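Below is one structure, written out as structure tokens; comments come after it.
The values are calculated or read from the model by the stated rules, or taken from the named source; none is laboratory data. All of these numbers come straight from a predicted model, not from anything done at the bench. Neighbour counts run over all protein chains shown; Cβ positions are idealised from the backbone, glycine included. Note: areas computed on protein heavy atoms with side chains; ligands, DNA, RNA excluded. Shrake-Rupley method; radii C 1.70, N 1.55, O 1.52, S 1.80 Å.
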Amino acid sequence: MYPLLKINKKKISENTRAIIKRTKKLGVEVTAVTKCTGGNLEIAQAFLDGGATSIGDSRIKNLKNLAPLACEKWLIRVPMPSEVNHTVAYATLSLNSEIKTIRLLDQAAKAQGKTHGILYMLDLGDLREGLFIGDGNPAKAEIESLIAASFTKLEQDLTEIKTMENIHLRGIATNATCVGATIPTPQTFGAFFKVKAILEEKYQLPCEIVSGGNSSAYYLVDNETLPAEINNLRLGDVILFGRESAYYHCYDYLHQDAFILDVEILELQDKPTYPVGEIGRNAFGEIPAFEDQGIRRRAICGLGRQDTDTDHLFPLVSGLTIVGSSSDHLVIDVTDAETTYQVGDIISLRCDYVGALHAATSSYVDKIVINQ
């Protein structure tokens, strides 16, 4: 059935090996992130076969699917207080920033007869999750005051965490380029490493894991400027799509086409390129702009914005242009295509991270793992 998302296990495995070869030189272990595949078990195994040491996901349902795997499983989104029982049941470790939630995890772990690992999450300036500590550079007075308060809170939290019998603080973690679009550089980890020193020297807590971010930090691996203190990265985008997420650089030693979305042509007709009549808002409340290019041949395909973000799809055949979409229809100009199409034919589209993320988690898109 179509639309059909084809996920190439072989290419993902090859990408994983190529990346692990480079991270291993720097003493960095990789937690491979499965959320873009909806927690697909086969792809998670491909990560492990390629050398990843643990699997990470932001959804408990996905970690539950991955329970058969004999590896550490990380919940990489801060747990909801309402899901602490499932967090302890299905995650070896979780990223945390709220002492209230850590208390609940301690209680849940005690009830289940387990010890639950945590990484204390620190915000260096991207302004997503984590205790805000800045990047260690001088800042405005109000920000310096906030940072000072954060370090006071940090020490209060560490004092309490150290007394918990069922929580094992294994280290620290940070994130970048997700909300504030801040790019990690060797200079932005100053405060991060200050916390590492506090854990180890003042509280005598071994900082086993120093997780320095996601695929936006991979360029520091590629050019070998990643600070030596960092020994873990949580990577999904760069493994799956062969592109780091700080500058969107694609690497020639990685595949960029492991996710292909096949769509079926429902209608194939010649039509004007400028609408007839008064133009208002489209189905999504947008006022679109049009350029009159005369009569063109258009394929209407069975895929829409309910299935994925159509701005993040790229035709594999040259001469094809995506010109629009609604909830359930994708409009592709095939006038200049190398191929002559018929109704019922399939058009293949490469997905980037956003396109694949939505398609992989849509119940209207069929998925298949291929190995070729």
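For segment 358-371, putting each phi into the Karplus relation 6.51 cos²θ - 1.76 cosθ + 1.60 with θ = phi - 60° gives couplings of 6, 5, 5, 9, 8, 6, 8, 10, 6, 10, 9, 9, 10, 9 Hz, in residue order, rounded to whole numbers and with x for Gly and Pro.
Rounded to 0.05, the FRET efficiency of the residue 153 and residue 287 pair, given R0 = 56 Å and the Cβ-Cβ distance, is 0.75. Structure remark: mean-square fluctuation, Gaussian network model of the chain, C-alpha springs under 10 Å; the largest value among 141, 356, 108 belongs to 141. Mean separation of Cα pairs under 8 Å and 6 or more residues apart, divided by the residue count, gives segment 1-143 a relative contact order of 14 percent.
Full extension of the chain between residue 223 and residue 185 gives 12.5 nm of extra length, using 0.36 nm per residue less the Cα-Cα distance. In a solvent-free Debye calculation with one equal scatterer on each Cα, what is log10 I(q)/I(0) for the chain at q = 0.08, 0.10 Å⁻¹, listed in the order of the q values? Ignoring solvent entirely, the Cα scatterers give -0.48, -0.71.
Over the chain, DSSP H runs of length four or greater, each weighted -39,500 (n - 2.57), average out per residue to a 222 nm ellipticity of -8000 deg cm²/dmol. Annotation for segment 1-104: trypsin sites (Lys or Arg not before Pro) lying in DSSP loop with at most 13 further Cβ atoms inside 10 Å of their Cβ do not exist.
The residue among 169, 121, 154 whose Cα reaches farthest toward the positive pole of the charge dipole of segment 97-176, with charges on the beta-carbon of Lys, Arg, Asp and Glu, is 169. For segment 270-356, a simple Cβ point-charge model (Lys and Arg +1, Asp and Glu -1, everything else neutral) yields a dipole of about 120 debye relative to the Cα centre. Taking a threshold of 30 Å on the Cα-Cα distance, which of the pairs 10/73; 10/110; 140/162 fall above it? Correct reply: 10/110; 140/162.
Computed over protein heavy atoms with a 1.4 angstrom probe, the accessible surface ordering of 157, 135, largest first, is 135, 157.
Once divided by 2.2 N^0.38 Å, the Cα radius of gyration of segment 225-314 becomes 1.66.
Amide hydrogen proximity for residue 267: with H placed 1.01 Å from N in the peptide plane, the residues at 5 or more positions away or on another chain lying under 5 Å are 300. Take every pair of alpha-carbon atoms less than 8 Å apart whose residues are at least six positions apart; their mean separation over the length of the chain yields a relative contact order of 19 percent.
Amide H contacts of residue 97: 121, each under 5 Å away and 5 or more positions distant or on a separate chain (H built 1.01 Å from N in the peptide plane; Pro and chain starts excluded).
Have a look at 60, 347, 20 and tell me which one the Gaussian network model of the chain (Cα, springs below 10 Å) gives the largest fluctuation. Comparing 60, 347, 20 in a Gaussian network model of the chain, the most mobile one is 347. Charging the Cβ of each Asp and Glu at -1 and of each Lys and Arg at +1, and nothing else, the dipole of segment 126-226 about its Cα centre rounds to 80 debye. Comparing 45, 187, 107 in a Gaussian network model of the chain where C-alpha atoms under 10 Å apart are linked, the largest mean-square fluctuation is found at 187. Taken one residue at a time, the phi angles of segment 27-42 give Karplus couplings (6.51, -1.76, 1.60, θ = phi - 60°) of x, 10, 8, 10, 9, 7, 9, 9, 4, 6, 9, x, x, 5, 5, 5 Hz. Gly and Pro are set to x.
Distance between the C-alpha centres of segment 8-65 and segment 265-311: 38 Å, rounded to the whole angstrom.
Couplings for segment 257-273, taken from phi via the Karplus curve 6.51 cos²θ - 1.76 cosθ + 1.60 with θ = phi - 60°, read 10, 7, 10, 10, 10, 9, 10, 9, 7, 9, 8, 9, 8, 7, 8, x, 9 Hz in order; Gly and Pro are left as x. Simple point charges give the picture: +1 on the Cβ of Lys and Arg, -1 on the Cβ of Asp and Glu, and for the chain a dipole about the Cα centre of about 1120 debye.
For residue 136, nonlocal amide neighbours, meaning residues 5 or more places apart or on other chains whose placed amide H falls under 5 Å from its own, are 191.
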